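Participant: Mind looking over this structure? Questions follow.
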Amino acid sequence: MIFSRIAGTGGYVPGAPVSNDDLVARGINTSDAWIIERTGIRQRYIADGETTSQLSIKAAQRALEAAGCSAADIDLVVLATTTPDMTFPSTACLVQAELGVPAGATAFDVQAVCSGFVYALTIADKFIRSGSHKRALVIGAETMSRLIDWNDRSTCVLFGDGAGAVVLEASDQAGILSSALHADGSHSNILYASGAISAGQIAGSPFLYMDGQSVFKLAVRLLSDVAIEVLEQANMPQADLDWFIPHQANIRIMNSVAKRLELPAAKVVVTVDQHGNTSAASVPLALDAAIRDGRIQRGQSVLLQGVGGGFTWGAVLVRY
Ligand code: UT7
């Protein structure tokens, strides 16, 4: 039987960190104390001209190096983003060409906003299990700063830019143990960026809108439910889970879900303090950080979770 396993991970954030006090200094009517208390965010990274594909390439190169393989060994690129370089071609195709993934490979973008990486990983796992592909680059990458209205303090302090990548390869050992992806478009009105190019103009708003409290409540419920779903699918008792990596949007959401799941804080990987909410990049960036600092060890179980605009949500249970 063919399974897929994570062979290596990589992450990249652009430029120097931008602290909460830096935002205050830029004239935003906020405070370090408010942002930390309400969100847990201490800093974020903002791309200065770097594109989503450029961030992706740097994260992918690190993942390839960690996996001990090269772009020539990749036959599938699945890239999750809400902030593609262009309407088309896909950012995945731009990354394929620039990295040197062979012509003729499969490459496409996935749009599931902050659940994007969990969607992309699940899709790549299914391709590999089917036997059609052997080694995938799965990337979550965003330049969310492009969608930010710096006059809206309720959203501009939350988001950051970055990219995370994994090399997922065929294996006779199960690496992806279970997964679940969900969507409910009836909640599209609480989190959206309506801007679209039409007839030579931007139709709708170019900025992200979020009803924070509605998103907060929904996120806690959906993340708790989908965690239980994938653990049950894999017949894994909650107590056996080694690491929990929920979407890094708000430390209060993460703590609420961990409490509902009766997971101790020590098992929760937190990078929202360092990166802010990087949408599709948040989960692979956190995964890479915890692997590189030695917390996540080979053979341990890791629950990855996304939730975001759409509404979309999902989880992947991994044996690293
Ligand atoms: O990635 C997709 C998923 N996204 C999320 O999961 C985000 C979910 N939502 C949240 O994380 C939180 O709802 C927020 C962090 C966005 C907001 O936290 P909150 O505790 O729900 O605050 P609030 O919206 O109820 O606002 C409380 C107060 C308001 O003032 P009043 O009306 O009480 O006087 C806001 O005007 O905080 C004010 N406020 C701010 N104050 C200082 C809002 N933004 C700021 C700010 N600095 N940046």
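The values are calculated or read from the model by the stated rules, or taken from the named source; none is laboratory data. All values derive from a computational prediction rather than experimental measurement. Note that we place each Cβ from the backbone using ideal geometry, even for glycine, and neighbour counts take in every protein chain shown. Note: accessible area is taken over every heavy atom of the protein model, side chains too, but ligands, DNA and RNA are not part of it. Shrake-Rupley method; radii C 1.70, N 1.55, O 1.52, S 1.80 Å.
Participant: How much accessible area per residue does the chain have, counting only protein heavy atoms and a probe of 1.4 Å, in square angstrom?
Facilitator: 41
Participant: Additional query: Along its principal axes, what span do the Cα atoms of the stretch 177-319 show, with the longest given first and each in whole Å?
Facilitator: Here the Cα extents, ordered largest to smallest, are 53, 30, 25 Å.
Participant: Students often get this wrong: which residues of the stretch 1-44 have the backbone nitrogen under 20 Å from the point 7 angstrom along Cα-to-C-beta of K134?
Facilitator: From the stretch 1-44, the list is 1-9.
Participant: Now a separate question. Using a ≥ b ≥ c from the Cα gyration tensor of the stretch 78-151 (square roots of the eigenvalues), is it rounded, prolate or oblate, where a/c under 1.5 gives rounded and otherwise the larger of a/b and b/c decides, a/b for prolate?
Facilitator: oblate
Participant: Okay, moving on. If R0 is 30 Å, what FRET efficiency do you get for A25 and S205 from their C-beta distance, rounded to 0.05?
Facilitator: The pair A25/S205 has a calculated efficiency of 0.65.
Participant: Work out, step by step, the length gained on full extension between D293 and S171: first 0.36 nm times the residue separation, then minus their alpha carbon distance; give nm to one decimal.
Facilitator: 41.4 nm
Participant: For E98 and A72 in the same chain, what is the full-extension length gain: residue separation times 0.36 nm, less their Cα-Cα distance, in nm?
Facilitator: Full-extension gain reported as 8.2 nm.
Participant: Note down the nm distance, to one decimal, between modelled labels 7 Å out along Cα→Cβ at E232 and at S154.
Facilitator: Distance between the two pseudo-spin positions: 3.5 nm.
Participant: For a protection proxy built on the mean count of beta-carbon atoms within 10 angstrom, sort 210-218, 140-148 highest first, please.
Facilitator: Packing proxy ranking, top to bottom: 140-148, 210-218.
Participant: A follow-up question, please. Looking only at the stretch 3-172, where both bridge partners belong to it, what percent of the DSSP beta bridges are antiparallel (to the nearest 5)?
Facilitator: Around 70 percent antiparallel, to the nearest 5.
Participant: Could you give me the percent of Cα pairs per 20 Å distance bin for the chain, shortest bin first, beginning at zero and ending with the bin that holds the maximum distance?
Facilitator: 36, 59, 6
Participant: What number, rounded to the nearest 500 deg cm²/dmol, is the helix-based mean residue ellipticity at 222 nm of the chain, given -39500 (n - 2.57) per DSSP H run of at least four residues and division by all its residues?
Facilitator: Helices in the chain give a 222 nm mean residue ellipticity of -10000 deg cm²/dmol.
Participant: Another question, then. Run the accessible area of the stretch 3-172 with a 1.4 Å probe and give the carbon-and-sulfur part as a rounded percent.
Facilitator: That fraction is 49 percent.
Participant: Still on this structure: When ranked by the protection proxy of mean other Cβ atoms within 10 Å per residue, highest first, what sequence do the peptides 98-111, 280-293 form?
Facilitator: Top to bottom by mean Cβ count within 10 Å: 280-293, 98-111.
Participant: Something else now. What fraction of the DSSP beta bridges in the chain is antiparallel, stated in percent and rounded to the nearest 5?
Facilitator: Restricted to the chain, the bridges split so that about 75 percent are antiparallel.
Participant: Could you order the peptides 186-196, 239-249 from most to least packed, using the average number of other C-beta atoms within 10 Å per residue?
Facilitator: My ranking of the peptides, most packed first, is 239-249, 186-196.
Participant: So what does log10 I(q)/I(0) come out to for the stretch 3-172 at q = 0.08, 0.18, 0.19, 0.20 Å⁻¹, using the Debye formula with one equal point on every Cα and no solvent?
Facilitator: Scattering profile of the stretch 3-172, log10 relative to I(0): -0.27, -1.02, -1.10, -1.18.
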